[in-house]
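All remarks here apply to the structure that follows.
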Amino acid sequence: MSAIITVEVGCRAGCGACCIAPSISSPIPGMPEGKPAGMRCIQLDGNNLCRLFGDPKRPAVCLRFDYDHDICGQTRDDAIANLVWLESVT
Ligand code: SF4
Ligand code: SF4
């Protein structure tokens, strides 16, 4: 008998947790003051994809946030929980 093991190796398209849970203090197009923790970024579309992907107007902080298995976990709920916790301790 064989087992199939799935390992996440990169950002889950359509997750969007890192565009909702953390606060962002730098300006975002359409949100000049940035955004508070827990608020959905105005640039996150209905499929939880960034409207500014590949666009130079995408904030630098977003370019710096990279997939991290320990933060992103296995599901969007994992990622939200980890990011909320990180926000509370930083
Ligand atoms: S929280 Fe992680 S998996 Fe989810 S969109 Fe952000 S980088 Fe991708
Ligand atoms: S600009 Fe794009 S990557 Fe940055 S928080 Fe908003 S939706 Fe996410």
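Derivation of every value follows stated rules applied to the coordinates shown; laboratory data play no part. Please read all numbers here as calculations on a predicted model, not as lab measurements. Quick reminder, even Gly has a Cβ in these numbers, built from the backbone with ideal geometry, and neighbours come from all protein chains shown.
What does the helix-only formula give at 222 nm for the chain: each DSSP H stretch with n ≥ 4 adding -39500 (n - 2.57), the total divided by the residues, and the result rounded to the nearest 500 deg cm²/dmol?
On the way: 3 runs with 23 residues, N = 90.
About -6500 deg cm²/dmol.
As I understand it, the value is the acute angle between the Cα axis of helix 76-89 and the longest principal axis of the Cα atoms of the chain; what does it come to in degrees, rounded to 10?
60
For the residue pair residue 53 and residue 81, what label-to-label distance in nm results when each label sits 7 Å from Cα along the Cα-to-beta-carbon direction?
2.6
Just to check I understand the Karplus step: with θ = phi - 60° and J = 6.51 cos²θ - 1.76 cosθ + 1.60, what whole-Hz values come out for segment 44-58, glycine and proline as x?
8, 7, x, 9, 6, 10, 6, 5, 9, 4, x, 9, x, 6, 5
Please report the orientation-averaged projected area of the chain, defined via the convex hull of its C-alpha atoms, in nm².
6.9
I'd like to compare 20-30, 58-68: which one has the highest average count of other Cβ atoms within 10 Å, and what's the full order after that? Intermediate values should be presented prior to the final figure.
Numbers: 20-30: 16.2, 58-68: 12.5.
Peptide ranking by packing, descending: 20-30, 58-68.
So what is the relative contact order for segment 17-89, in percent, with contacts set as C-alpha pairs under 8 Å and at least six apart?
Details: 80 pairs, mean separation 24.3, N = 73.
Averaging sequence separation for qualifying contacts and normalising by length gives 33 percent for segment 17-89.
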